[in-house]
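What follows draws every value from the coordinates through simple rules; no lab data is involved. Everything numeric here is computed off the predicted structure, so don't read it as measured data. Every residue, glycine among them, receives a Cβ derived from its backbone with ideal geometry; neighbour counts consider all protein chains shown.
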Amino acid sequence: MVHIRGLYEVAIRVRDLATSETFYREILGLEVGVRDDRRKWLFLRAGGQAGMVVLQEDKGTWPTQHFAFTIEEADIEAAAEALQKRGVAITGPVYHEWMPARSVYFSDPDGHELELCAPVGKA
């Protein structure tokens, strides 16, 4: 058996790299790791060394996907408010008893469904 410890990197297809870079850096606060201009890819750090999001410019046709980012429970309300102040339409926070976690849902410029997920302690 393979003992997976977590997820390190996710690749996201985007139609316009510059537009998506602005969203992921300015709205979500991700930091540039490496820019690959030849392939039109941008590696962004999510949570410092916790993992990466790779934005890959692709002008073709592809389905939208769902991605979730972990945040602290204490930050979920402020994150929802910050997204709304930046003009991002959100749903939530929504409580998921089965996880347990609270989540905020929204979309990126390409229509990918994004989630901020805050695991909560059991009462």
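Within the chain, what's the longest run with no trypsin sites (Lys or Arg not before Pro) in a DSSP loop and at most 16 other beta-carbon atoms within 10 Å? Give the range, please.
Values: sites that count: Arg5, Arg15, Arg38, Arg39, Lys40, Lys59, Arg86, Lys122.
No qualifying site falls inside 87-121, the longest such stretch.
Take the Cα radius of gyration of the range 64-123 and divide it by 2.2 N^0.38 Å, with N its residue count; two decimals is plenty. Write down the numbers at each step before the final one.
Details: Rg = 11.4 Å, N = 60, 2.2 N^0.38 = 10.4 Å.
Ratio of Cα Rg to 2.2 N^0.38 Å: 1.09.
How much mean residue ellipticity at 222 nm does the chain get from its helices, if each DSSP H run of length 4 or more adds -39500 (n - 2.57) and you divide by all residues, to the nearest 500 deg cm²/dmol?
After summing the helix terms and dividing by the residues of the chain, the value is -3500 deg cm²/dmol.
Students often get this wrong, so try it: which of [x] 6.7; [y] 8.1; [z] 9.3 is mean projected area of the Cα convex hull in nm² as calculated from the structure shown?
Looking at mean projected area of the Cα convex hull in nm² for this model, the match is [z].
Explain nothing, just the number: dipole magnitude of the chain about its Cα centre with +1 on each Lys and Arg Cβ and -1 on each Asp and Glu Cβ, in debye rounded to the nearest 20.
So the magnitude is around 320 debye.
Which is the longest stretch in the chain that no exposed loop site breaks, taking sites as chymotrypsin sites (Phe, Trp or Tyr not before Pro) with a DSSP loop state and at most 16 other Cβ atoms within 10 Å?
9-97
Under 8 Å for C-alpha pairs, at least 6 residues apart: give me the relative contact order for the range 1-62, rounded to a whole percent.
After rounding, I find 41 percent.
Any idea what the relative contact order of the chain is, in percent, if you count C-alpha pairs under 8 Å spaced at least 6 apart?
Averaging sequence separation for qualifying contacts and normalising by length gives 23 percent for the chain.
Please build a GNM for the chain, connecting alpha carbons under 10 Å apart, and tell me which residue among Leu83, Leu42, Leu30 fluctuates the most.
In the Gaussian network model the winner is Leu83.
Hey, can you grab everything whose amide H is under 5 Å from the amide H of Met52? Only 5+ residues off in sequence or another chain; H modelled, so Pro and N-termini drop out.
Sorted by chain and number, the residues that satisfy this are Glu9, Val10, Ala46.
So which residue, out of Gln65, Gln49, Gln84, gets the largest mean-square fluctuation from a GNM of the chain using Cα contacts under 10 Å as springs?
Gln49
Count the net charge of all other residues whose Cβ sits under 11 Å from the Cβ of Asp75, scoring Lys and Arg as +1 and Asp and Glu as -1.
Every neighbour counted, the sum reads -3.
Taking every pair of Cα atoms in the range 1-62, average 1/r, invert it to obtain the Kirkwood radius, and report Rg/Rh to two decimals.
1.03
Only Cα pairs within less than 10 Å get springs; with that Gaussian network setup on the chain, which residue of Pro93, Pro109, Pro63 has the largest fluctuation?
Checking each option, the largest mean-square fluctuation is seen for Pro63.
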